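I have placed the structure first, in the form of structure tokens, so that the comments after it can refer back to it.
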Amino acid sequence: MNLTTEHLADILIGVARAQNAVIEAMERASPGFRNTHALPLITLVANMRAGDPRMIDLSSRILMRLQGRVALDNAAVKTDLERLMSGKPAAAAAPAAAKPAAAPKPAAAPAANAGGIDFSKP
């Protein structure tokens, strides 16, 4: 059997959807369960404060994405899987194409612009 990252992403999303269905059932039975009990624990397990997530955090992070209003993208999960399997940190794996190509980088503050936000301008 040859399991690709796309297949693995589909499996992880399917498991997260099943877990989300349980959370939805608990929310219907006891309103407030999601925000009071489920989300704080999922946030803790997903290690959301870590800047560079690990493979062990991925399934919980997928479940966190399902809690939001934005639709979950299979391609994003596949990209996360490929990055985590390659062993590269998130900053090194992220392409520089995410930033506008026309705007030159300021040479004076490279550390301030490392996160994608320029704090050097008032």
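The values are calculated or read from the model by the stated rules, or taken from the named source; none is laboratory data. Predicted model, so just to flag it, every value in this text is computed and none were measured. A quick note on method: Cβ atoms are made from the backbone with ideal geometry, for glycine too, and the neighbour counts reach across all protein chains shown. The area values use the complete protein model at the heavy-atom level, side chains included, leaving out ligands, DNA and RNA. Shrake-Rupley method; radii C 1.70, N 1.55, O 1.52, S 1.80 Å.
A few points about this structure:
- Under the condition of being part of a loop (DSSP other than H, G, I, E, B) and farther than 17 Å from Thr5 by Cα, the residues counted in the range 38-79 number 12.
- For the range 80-117, a residue qualifies if it is in a helix (DSSP H, G or I), open to solvent by 80 Å² or more (accessible area, probe 1.4 Å), at pLDDT 65 or above and not acidic (Asp, Glu), and exactly one does: Met85.
- Some residue of the range 25-38 being more than 11 Å from the chain's Cα centre (by Cα), open to solvent by less than 70 Å² (accessible area, probe 1.4 Å), hydroxyl-bearing (Ser, Thr, Tyr) and within 26 Å of Gly87 (Cβ to Cβ): no
- Boolean, Asn2 is on the phi > 0 side of the Ramachandran plot, open to solvent by 40 Å² or more (accessible area, probe 1.4 Å) and not in a helix (DSSP H, G or I): no
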